[in-house]
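Chemist: Dropping the structure in here first, questions after.
The values are calculated or read from the model by the stated rules, or taken from the named source; none is laboratory data. Computed from a predicted structure; not experimentally measured. Ideal geometry is used to build each Cβ from the backbone, glycine not excepted, and the neighbour counts take in all protein chains shown. Note: accessible area is taken over every heavy atom of the protein model, side chains too, but ligands, DNA and RNA are not part of it. Shrake-Rupley method; radii C 1.70, N 1.55, O 1.52, S 1.80 Å.
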Protein chains: 2
Amino acid sequence: MTVATHADETHARVPLDRLLTPRSIAIVGASDKPGALGASVLANLDRAGFAGPIHLVNPKRETIGQRRCVATIDDLPEGIDVAVLAIPRTAVLDVMAALARRRVGAAVLFAAGFAEDGPQGIADQQEIARIAHEAGMIVEGPNCLGLFNFRDNIPLTFIEMPEAKATGDRRVGIISQSGAMAAVLATTLIARDVPLASYVSTGNEAVCGVEDFIDHAIDDAGVAVIGMIVEQFRKPQRFLQAARAARVRGKQIILLHPGSSEAGRKSAATHTGALAGDYQVMRVLAENAGVIFAETLEELGDMVEIALRCPRLPERGTAIVAESGAFKALMLDQCEREGLYLPPLS
Amino acid sequence: MTVATHADETHARVPLDRLLTPRSIAIVGASDKPGALGASVLANLDRAGFAGPIHLVNPKRETIGQRRCVATIDDLPEGIDVAVLAIPRTAVLDVMAALARRRVGAAVLFAAGFAEDGPQGIADQQEIARIAHEAGMIVEGPNCLGLFNFRDNIPLTFIEMPEAKATGDRRVGIISQSGAMAAVLATTLIARDVPLASYVSTGNEAVCGVEDFIDHAIDDAGVAVIGMIVEQFRKPQRFLQAARAARVRGKQIILLHPGSSEAGRKSAATHTGALAGDYQVMRVLAENAGVIFAETLEELGDMVEIALRCPRLPERGTAIVAESGAFKALMLDQCEREGLYLPPLS
């Protein structure tokens with residue numbers, strides 16, 4: 001990782017509300033075939049009871065369920081907040097251009113086969129970015145699994161999630177380049193009744209990256225803890241700046257950062273087209289900025305829950321409460337290995 | 001741990017069939033109050049559809065459900081295979097003496113408050129052992145959670161288990177001083193469809209210890225892998241001899257052995273009255289005998305499953321199959337940390 005600021009490392013805030021809290025949604029590639037991405041996106045929105053208009057685009061269908069379909073994007077009303085693209089990779093560029101013409105605010109791109117997939121993919125991803133920048137469009141992806149806004153119960157994903165019942169003024173925000181890991185982490189935390197704000201999977205980050213979403217989460221008064229899964233920070237200085245801002249505001253960032261091994265870094269390159277740099281340098285800088293590193297996805301889930309439930313950890317030593325004597329003995333062994341002090345009970 | 005053979009370290013095999021595969025069962029302290037131990041034991045047997053006679057003892061009841069109760073143990077027929085004692089600690093000695101008079105084959109003692117609980121408890125536990133030895137009675141416990149014979153679907157425990165559906169000629173036997181850990185491990189393995197032979201929790205081991213049950217498991221042709229949770233081997237030479245016998249027969253023993261820390265050893269003493277000795281000496285000797293050590297209960301479950309499903313591990317390096325790029329990168333990091341070789345795919 002090069003830590004010096006790149007010329008292209010802009011610090012401009014990106015307003016993400018039209019993506020994260022849309023009032024109107026279009027599904028391009030809508031479907032009612034079970035298993036089709038477009039069908040899953042629609043089913044998730046219906047299950048969540050999304051109250052705003054849902055526009056469906058499919059040239060081969062006049063209706064899907066009770067809803068009318070339009071044949072082309074040009075048939076959509078102007079100014080829809082977000083379009084979810086459940087379409088093959090080859091159709092993405094034309095659709096992006098059409099969405100820009102209809103002044104759609106944001107696009108969620110599931111399709112893979114861009115920067116992670118060779119020169120043509122890189123060129124096409126740059127074209128996505130060009131269209132988006134020219135139109136001022138927010139883009140999530142490509143090669144992502146979408147997002148879920150739990151506070152407003154808005155899923156923009158084909159992944160089916162268990163119902164998130166926990167509520168509260170202090171929630172966890174999940175920001176991840178990996179969609180699979182974001183979904184697994186969210187599912188784990190839901191099972192433990194940890195209140196979530198949202199999860200966002202950024203994928204290849206053609207336009208918006210984890211750095212944009214973390215800025216948004218830090219500004220969000222309802223987010224107290226941010227769990228991140230990042231293989232490569234494309235704008236490392238901005239991330240470190242955000243981490244320092246989070247600390248000032250009393251928000252804890254916990255980061256799972258695959259790529260400590262050479263093989264892991266090579267894998268990241270083929271995964272989301274990211275070029276991971278010097279892991280140790282990044283780790284030292286981020287830890288100095290107050291970021292806690294997790295080593296496994298399980299540990300990330302545990303740490304996020306602890307950080308949310310115990311904003312200030314007690315400092316006078318460790319105590320163990322156990323129902324089973326053998327569990328207690330195992331925990332005592334673990335405390336010795338980790339160097340945790342167990343003061344006598346007073 | 002003293003590794004030299006003690007005078008009392010008898011090598012005689014104990015026939016355990018009347019405990020592990022009983023044809024008739026008595027519940028002393030039978031009940032139908034939800035939550036009462038005696039009620040849970042009976043409910044488990046009924047749910048499992050135990051086909052043999054179940055005798056109930058309760059001086060205050062004439063019937064429980066559709067079954068008749070007898071008032072005293074002396075009212076039981078002679079020669080019942082096993083009695084489950086769901087009674088307070090203070091009643092145990094009298095009941096044991098009465099069971100011996102009725103030539104009951106085995107007793108399962110849940111009550112705590114014996115060798116782990118001071119001089120009177122130690123004396124009372126010695127009295128249990130005296131009665132049992134004189135009568136030739138098998139005893140599981142005291143301070144245990146009982147057992148579950150999954151092959152014949154016979155629960156002798158108040159713990160409710162999920163249904164174990166996996167079957168096979170090669171099964172896992174669980175032998176544990178800790179009842180809670182045995183139940184958690186069994187539940188985990190059932191969830192993963194690992195076929196189980198039985199779990200046995202030995203508790204304070206007044207009469208029968210893990211060494212007796214491991215001998216039985218090694219002689220059992222249907223047991224291929226033995227998962228053990230042991231804080232203290234009371235007959236270490238016998239265990240090491242059993243471990244060598246297991247290796248000769250191609251059976252893998254995997255051991256979770258709390259007590260590597262001084263605090264953990266002290267805890268073991270107050271837990272089941274065990275006096276843990278030199279952890280490192282025991283570890284070296286047991287590893288030389290072919291025993292694999294697990295560090296956590298989760299690892300024990302993983303290792304037991306791997307040992308059962310892959311009796312002979314492939315030796316030419318590691319390969320990773322992943323659906324998610326980020327998971328793959330994490331696994332690559334892990335391989336580097338553990339020193340696992342990843343050969344190029346041919």
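Chemist: With contacts defined as alpha carbon pairs under 8 Å and 6 or more residues apart, what's the relative contact order of the range B:147-309 in percent?
Modeler: This gives 22 percent for the range B:147-309.
Chemist: Of A:257, A:216, which has the most accessible area with a 1.4 Å probe, and how do the rest follow in descending order?
Modeler: Listed by decreasing accessible area, they come as A:216, A:257.
Chemist: First select every other residue whose beta carbon is under 9 angstrom from the beta carbon of residue B:42; then total the charges, Lys and Arg +1, Asp and Glu -1.
Modeler: Every neighbour counted, the sum reads -1.
Chemist: Quick one: which of B:180-192, A:139-151, A:67-79, B:146-158 comes out on top by average Cβ neighbours within 10 Å, and what's the full order, highest first? Working shown, then result.
Modeler: Working: B:180-192: 20.3, A:139-151: 26.1, A:67-79: 14.2, B:146-158: 22.4.
Answer by packing, highest mean first, reads A:139-151, B:146-158, B:180-192, A:67-79.
Chemist: Arrange the peptides A:104-111, A:48-55 so that the one whose residues have, on average, the most other Cβ atoms within 10 Å appears first.
Modeler: Values: A:104-111: 26.1, A:48-55: 14.9.
Order by mean packing, descending: A:104-111, A:48-55.
Chemist: Right, here's the next one. Listed here are the pairs A:33/A:60; B:165/B:251; B:33/B:60; A:328/B:266; which of them are more than 20 Å apart at the Cα? Mind showing how you got there, number by number?
Modeler: Values: A:33/A:60 13 Å; B:165/B:251 23 Å; B:33/B:60 13 Å; A:328/B:266 11 Å.
From the list (A:33/A:60; B:165/B:251; B:33/B:60; A:328/B:266), the Cα-Cα distance tops 20 Å for B:165/B:251.
Chemist: Suppose a student asked you for the relative contact order of chain A, using Cα pairs under 8 Å spaced at least 6 residues apart; what percent would you report?
Modeler: Relative contact order comes out at 14 percent.
Chemist: While we're on this one: Would you work out what percent of the accessible area of the protein assembly as shown, with all protein chains in place, is carbon or sulfur (probe 1.4 Å)?
Modeler: Summing carbon and sulfur atoms, their accessible area is 52 percent of the total for the protein assembly as shown.
Chemist: Sorted from largest down, give the three principal axis spans of the alpha carbons of the range A:164-309, whole angstrom values.
Modeler: 40, 30, 27
Chemist: Using only Cα atoms, what is the ratio of the radius of gyration of the protein assembly as shown to 2.2 N^0.38 Å?
Modeler: Numbers: Rg = 31.0 Å, N = 692, 2.2 N^0.38 = 26.4 Å.
Dividing the Cα Rg of the protein assembly as shown by 2.2 N^0.38 Å gives 1.17.
Chemist: Taking 7 Å along the Cα-to-C-beta vector as the label spot, tell me the residue A:90-residue B:306 distance in nanometres, rounded to one decimal.
Modeler: 4.4 nm
Chemist: Counting heavy atoms of the protein chains only and a 1.4 Å probe, report the per residue accessible area for the range B:33-74 as a whole number of Å².
Modeler: Per residue, the range B:33-74 has 60 Å² of solvent-accessible surface.
Chemist: Arrange the residues B:328, B:60, B:266, A:235 by how much accessible surface each exposes, largest first, with a 1.4 angstrom probe.
Modeler: Putting B:328, B:60, B:266, A:235 in descending order of accessible area: B:60, B:266, B:328, A:235.
Chemist: In terms of modelled amide H atoms, which long-range or inter-chain residues lie less than 5 Å from the amide H of residue A:27?
Modeler: So residue A:27 has HN proximity to A:55, A:56, A:57, A:84.
Chemist: Continuing with this model, one more query. Could you work out the percent of alpha carbon pairs in the range A:112-199 separated by over 17 Å, rounded to a whole number?
Modeler: 55 percent
Chemist: Can you list, bin by bin at 10 Å, the percent of alpha carbon pairs in the range A:273-346, starting at 0?
Modeler: Using 10 Å bins, I get a P(r) of 14, 32, 36, 14, 5, 0 for the range A:273-346.
Chemist: What is the sum of charges around residue B:92, taking Lys and Arg as +1, Asp and Glu as -1, for the other residues whose C-beta is under 11 Å from the C-beta of residue B:92?
Modeler: Value of the local net charge: -2.
Chemist: If all Cα-Cα distances of chain A are sorted into 20 Å bins from 0 onward, what percent lands in each bin, rounded to whole numbers?
Modeler: 30, 55, 14, 1
Chemist: Within 10 Å of each Cβ of A:172-182, how many other protein chain Cβ atoms are there on average?
Modeler: 2
Chemist: Compute a Gaussian network model of chain B, connecting alpha carbons closer than 10 Å, and tell me which residue from B:233, B:327, B:213 fluctuates the most.
Modeler: B:327
Chemist: Let me ask something additional. Taking a probe of 1.4 Å and counting only protein heavy atoms, give the total accessible area buried between chains B and A in Å², rounded to the nearest 100. Walk me through the numbers on the way to the answer.
Modeler: Numbers: alone 16840 and 16830 Å², together 31330 Å².
Heavy-atom accessible area buried at this interface is about 2300 Å².
Chemist: Which order do you get for B:341, B:199, A:279 if you rank them by accessible area with a 1.4 Å probe, largest at the top?
Modeler: B:341, A:279, B:199
Chemist: Taking beta carbons within 10 Å but only from partner chains, what does the mean come to for residues A:251-263?
Modeler: 4
Chemist: Let me ask something additional. Separation of the range A:140-190 and the range A:97-125 by C-alpha centroid, Å?
Modeler: After rounding, the separation between the Cα centres reads 22 Å.
Chemist: Hey, how many Å between the Cα centroid of the range A:221-255 and the Cα centroid of the range B:45-59?
Modeler: Between the Cα centre of the range A:221-255 and that of the range B:45-59, the gap is 60 Å.
Chemist: Now, a different point. Show me, bin by bin at 10 Å from 0, the whole-percent P(r) of the range A:17-140 based on Cα pairs.
Modeler: The percentages, shortest bin first, are 13, 46, 33, 7, 0.
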